[in-house]
Amino acid sequence: MTQILLNPGPVTLSKRVRTAMLRPDICHRESEFAELQEGLRRKLLNVYELPPDGWAAVLMTGSGTAAVEAMITSCVPYDGRLLIVENGAYGERMSRIASAYGISYERLSGSWEAGFNLEGIRKSLLANSDFTHVAAVHHETTTGRLNDINALGDICRQVGVRLLVDGVSSFGAETLEFEDWQIDACAATANKCLHGVPGTAFVIARRAALLEVPPPSRSVYLDLHNYLVQQDEKGTPFTQSIQTFYALDEALDEFFEAGGWQARQRLFTSRLASIRQTLIKLGVEPLLHENECSCVLHAFALPEWQTYTELHRMMKESGYVIYAGQGTLAERIFRISAMGDITTATLKAICAALTDALHEAP
Ligand SMILES: *Cc1c(COP(=O)(O)O)cnc(C)c1O
């Protein structure tokens, strides 16, 4: 049975994207590959209309975490210091990365259920003038919260530090003002809001951020500077996952034809509005207020009359894969993402299946 994925990536593919993987076999040292890669890099910059003289899309084979790890290890210089703002599992993952590579960092960890403590961030940055970079997650998929990168960017500008963003679950569907928000680099992936296949990840970076400072080389495989230099020369340092490049290429064409990120934002917003309304009617409480949520995923409190295991089983039996909470939230919430190729009829069926699985027994 075909399953509809309501987990935050990978997503249900369109037939068109799936079929694109059947394009001809090519070698990554040949001109066909160079053309494919050039096209992808141009299209990825076009998602947020970034000019190619100031910005670059750096492609790599890996999951979203590879892009985040490449960004952190390639952008923070050896004599730099990083402030990591955490309010969920993905913020915490960035601290694990910094720690694994021996990068000088400090973590500012807040509650998973609260937004950024902007005053605290400002104070930390002012208290220690060694900080050169701040890293934060845009859409914290742990709870569905859309973090205020705009306000964080203002602070970074005032204090004079650079901003690195994990945009893995927001790129392609949320507002991202790269220039205005002072973003130096943003990590993302093919298989979330862009509706591609898992296997290709990328970092959108200011060229100056990678080229104007002596690049640290903490990693052989995840060295963004090396990828950028070689990709600018139409090459690639390593074998790339060509079939997932094909799929991303097709997914981006589909994306632009449908109206770009604004259209995707409207689509996801309306899907989640239907799901949220259905659940509220059943007495299921959303974890966060609507204004705090991304358009990509919402989290809901498990009602006392249903367990996650049973809810997941019932939904899966109907053909829908929902997602559990992480960490201490695992016992308390479930998550539903709006990404992927889902028809209006399927959305109705999802709401009906949720009603079946979550109505309170009389
Ligand atoms: C999905 C996701 C990632 C990357 O996860 P992978 O499993 O490596 O693809 C990173 N950050 C956020 C916010 C995510 O949602």
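Just so it is clear, none of the values below were taken in a lab; they were calculated from the coordinates. Computed from a prediction, not measured in an experiment: that's the story for all the values here. Heads up, the Cβs are rebuilt from the backbone with ideal geometry, glycines too, and the neighbour counts pull from every protein chain shown.
Output the peptides 207-213, 171-177, 103-109, 22-28 sorted from most to least packed, where packing is the average of other Cβ atoms within 10 Å over each peptide's residues.
In descending order of packing, they fall as 171-177, 103-109, 207-213, 22-28.
In nm, to one decimal, how far is the Asn291 label point from the Thr309 one, both placed 7 Å along Cα→Cβ?
4.0 nm
How do Phe300, Phe116 line up, fewest other C-beta atoms within 10 Å first?
Phe116, Phe300
Setting aside same-chain residues fewer than 8 positions from Lys281, which lysines have a Cα under 27 Å from its Cα?
Reachable lysines: Lys316, Lys348.
Which residues' amide hydrogens lie under 5 Å from the amide hydrogen of Phe131, considering only partners 5 or more residues apart or on another chain, with H built in the peptide plane?
Under 5 Å from the amide H of Phe131: no residue qualifies.
Using square roots of five times the C-alpha gyration tensor eigenvalues, list the equivalent-ellipsoid semi-axes of segment 1-130 in whole Å, biggest first.
Ellipsoid half-lengths, sorted descending, are 35, 22, 14 Å.
Leaving out same-chain residues fewer than 8 places away, which aspartates and glutamates sit with a Cα under 19 Å from that of Lys123?
Glu86, Glu106, Asp148, Asp154
Can you work out the Karplus-derived ³J(HN,Hα) for every residue in segment 15-24? Use 6.51 cos²θ - 1.76 cosθ + 1.60 with θ = phi - 60°, whole Hz, and x for glycine or proline.
4, 4, 5, 4, 5, 4, 5, 8, 4, x
When you count, for each residue, the other Cβ atoms within 10 Å and take the mean per peptide, how do 77-90, 279-292 rank with the highest first?
77-90, 279-292
Enumerate the calculated ³J(HN,Hα) couplings along segment 170-178 in order (Karplus 6.51 cos²θ - 1.76 cosθ + 1.60, θ = phi - 60°), each rounded to whole Hz, writing x wherever the residue is Gly or Pro.
So the Karplus estimates, Gly and Pro as x, are 10, 4, x, 9, 10, 5, 9, 9, 4 Hz.
Starting from the Cα of Lys43, draw a straight line to each of the lysines and keep only those under 30 Å, dropping any in the same chain fewer than 8 residues away.
Once the sequence-local lysines are set aside, what remains near Lys43 is Lys15, Lys192, Lys234.
³J(HN,Hα) across segment 4-11 via Karplus (A = 6.51, B = -1.76, C = 1.60, θ = phi - 60°), whole Hz, x for Gly/Pro?
Going residue by residue, I get 9, 8, 10, 8, x, x, x, 10 Hz, with x marking Gly and Pro.
Which GluC sites (Glu not before Pro) in segment 314-360 sit in a loop by DSSP (not H, G, I, E or B) and have at most 12 other Cβ atoms within 10 Å of their own Cβ?
Those satisfying the criteria are Glu360.
Please get the size of the charge dipole for segment 1-115, origin at its Cα centre, with Cβ charges of +1 on Lys and Arg and -1 on Asp and Glu, quoted in debye to the nearest 20.
400 debye
Dipole of segment 16-257, Cα-centred, from +1 at each Lys and Arg C-beta and -1 at each Asp and Glu C-beta, to the nearest 20 debye?
The dipole of segment 16-257 has a size of about 480 debye.
Would you list Thr307, Thr12, Thr343 from fewest to most Cβ contacts within 10 Å?
Fewest-to-most Cβ neighbours within 10 Å comes out as Thr343, Thr307, Thr12.
Which cross-chain or sequence-distant (5 or more) residues have an amide H under 5 Å from the amide H of Leu287, H modelled 1.01 Å from N in plane?
It is Ala299, Phe300, Ala301, by chain and number.
Who wins for biggest fluctuation among Gln277, Gln158, Gln240 in a Gaussian network model of the chain, springs between alpha carbons below 10 Å?
Result: Gln158 has the largest fluctuation of those listed.
Positive end of the dipole of segment 1-134, charges at C-beta (+1 Lys, Arg; -1 Asp, Glu), about the Cα centre: which of Pro8, Leu45, Ile84 has its Cα farthest in that direction?
The residue sitting most towards the positive pole is Pro8.
List every residue whose amide H lies under 5 Å from the amide H of Thr189, counting only residues 5 or more places away in sequence or on a different chain, with H placed 1.01 Å from N in the peptide plane.
Phe202
Work from the charge dipole of the chain (Cβ charges, +1 for Lys and Arg, -1 for Asp and Glu, about the Cα centre) and give the residue of Gln262, Phe178, Ile26 farthest towards its positive end.
Ile26
Starting from the exponent 0.38 and prefactor 2.2 Å, build the expected Rg for segment 16-257 from its residue count and divide its actual Cα Rg by it.
Taking the Cα Rg and dividing by 2.2 N^0.38 Å, one obtains 0.98.
Please identify the DSSP H helices in the chain that span no less than 30 Å along the helix axis (Cα) and have a mean Kyte-Doolittle hydropathy of -1.0 or more.
Long hydrophobic helices here: 260-281.
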